[in-house]
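Engineer: This structure is in structure tokens; I'll ask about it shortly.
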Amino acid sequence: MGFRLTVLLLLAAALTGCGTRSIIVPVTRPALIDVHRCERVLILPCDISNFRSTNSVRDGLGRDARWFAPQGVATSIDQALPAALAATGQTEYISDTSISVAGLLSTPGKVSGELLRTLRREYDASCILAVQLLEARYNESILTAPIQSAYASNNSEKRVRMARGSLIVGMLLIDAVEGRVDFADSIRCEVSRETHSTDRDPPDINLEDTQWLLVNQAALRIAEATQPLRDREIVTFLVDDDYPEIPGAIEHAELGRWTDAAALLDSVVTRVGEKEGSDKLWYNLGIVRQYAGNFFGAKAAFETARRISDSARYRAAIERLLRAEEEDLERVRQDL
């Protein structure tokens with residue numbers, strides 16, 4: 001017992017004055033699909049040329065399974081997407097189905113110059129948003145389970161009709177002025193619905209309503225991707241009683257005074273230098289410099305911390321810093 005107590009006391013002494021403290025920082029993420037620099041965005045009809053068909057299968061209900069018809073889904077997207085993007089004030093949907101993604105992209109990654117010039121001339125488009133329906137699936141089944149109740153007959157059972165639908169939609173934002181693809185990605189949307197009954201088949205699930213729920217979800221997600229995202233980050237500092245200035249710097253940071261926090265820690269590292277154990281101080285300096293917008297100085301501070309004590313935390317901080325710098329450049333480009 002005495003030996004264990006001694007070990008615990010030594011461990012406690014080693015940890016005294018060391019630890020972490022986290023704060024929550026509001027941030028604005030740049031829009032994933034940057035349409036704000038576009039004077040006019042032309043929305044093309046939904047393209048189904050790359051649609052992956054799903055064969056009809058028996059669904060266990062004794063009848064052919066129902067499924068989403070690709071043309072019907074595409075028509076719904078053509079209705080939902082312009083409405084979802086109307087708030088941007090710079091979009092226009094065209095119903096000319098002869099204009100397609102395949103026609104714009106004559107070869108992968110290269111935009112057709114002739115068609116692009118036509119769109120610019122006839123519609124005065126600076127950007128083109130093209131949507132492709134890549135996959136649409138619908139599955140339906142009935143599950144049964146006996147009802148365990150003193151009030152139910154021995155043969156009573158609960159039945160649940162379950163339906164699951166999914167869409168995969170591809171998105172392209174084309175710079176019509178420069179003739180390049182600025183953004184390309186895909187989203188997957190899913191929805192599930194069910195109906196219930198006792199001792200009989202549950203009511204049918206409305207296939208059209210389910211399809212609209214999926215399409216509307218896809219349209220809203222695309223619209224959200226065109227807007228800056230208000231977000232929050234958890235920022236974690238390292239605390240050490242050897243440096244009583246750290247709590248003061250954290251208080252500045254909590255109030256958004258990153259420059260003041262950096263000035264306070266700068267004065268300490270000027271005095272301390274790179275002595276053993278000062279890596280926490282340099283790491284914290286890197287954090288406040290980063291949020292003050294001094295990415296070059298932040299990288300130097302993180303590298304100093306790593307030089308004093310090589311740690312996975314410091315290596316990860318440099319990686320996050322590089323990503324944050326790219327995000328900051330995009331925020332500047334979007335005037336956020």
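The values are calculated or read from the model by the stated rules, or taken from the named source; none is laboratory data. Note that the structure is predicted; figures quoted are calculated from it, not measured. Here Cβ is always computed from backbone atoms with ideal geometry, including for glycine, and neighbour counts include all displayed protein chains. In case anyone asks, the SASA skips ligands and DNA or RNA and just uses the protein heavy atoms, side chains included. Shrake-Rupley method; radii C 1.70, N 1.55, O 1.52, S 1.80 Å.
Engineer: Considering the chain as a Gaussian network with a 10 Å cut-off on Cα pairs, which listed residue, P70, P228, P26, attains the greatest mean-square fluctuation?
Structural biologist: Taking springs between Cα atoms under 10 Å, the residue moving most is P26.
Engineer: Then there's this: At most 13 other Cβ atoms within 10 Å and a DSSP loop assignment: could you name the trypsin sites (Lys or Arg not before Pro) in region 266-332 that fit?
Structural biologist: Values: sites: R271, K275, K280, R289, K299, R306, R307, R313, R315, R320, R323, R331; in loops: K275.
Loop-located and lightly packed - K275.
Engineer: Are there any chymotrypsin sites (Phe, Trp or Tyr not before Pro) in region 143-222 that are in a DSSP loop and have at most 12 other Cβ atoms within 10 Å? List them by number. If you can, show how the numbers build up before the last one.
Structural biologist: On the way: sites: Y151, F183, W212; in loops: Y151.
In loop regions of region 143-222 (DSSP not H, G, I, E or B), the sparsely surrounded chymotrypsin sites (Phe, Trp or Tyr not before Pro) are Y151.
Engineer: First obtain the Kirkwood hydrodynamic radius of the chain from its Cα pairs, then insert it into the Stokes-Einstein equation at 37 °C and 0.692 mPa s, and state the resulting D in µm² per second as a whole number. Let's see the in-between values first.
Structural biologist: Numbers: Rh = 25.1 Å.
The estimated diffusion coefficient comes to 131 µm²/s.
Engineer: Which one, T144, T88, T226, has the greatest fluctuation when you compute a Gaussian network model over the chain with C-alpha springs under 10 angstrom?
Structural biologist: With Cα springs under 10 Å in the chain, the top fluctuation among T144, T88, T226 is at T144.
Engineer: Find the accessible area per residue for the chain; the probe is 1.4 Å, ligands and nucleic acids are left out, and the unit is Å².
Structural biologist: Working: 18890 Å² over 336 residues.
Using a 1.4 Å probe on heavy atoms only, each residue of the chain averages 56 Å².
Engineer: How much of the accessible area of the chain, in percent, comes from carbon and sulfur atoms when a 1.4 Å probe is used?
Structural biologist: Summing carbon and sulfur atoms, their accessible area is 50 percent of the total for the chain.
Engineer: Figure the gain on full extension for S49 and R200 (residue separation times 0.36 nm, minus the Cα-Cα span) and round it to one decimal in nm. Please report the intermediate quantities before stating the final value.
Structural biologist: Numbers: separation 151, 0.36 × 151 = 54.36 nm, distance 4.16 nm.
Taking S49 through R200 to full extension adds about 50.2 nm, to one decimal.
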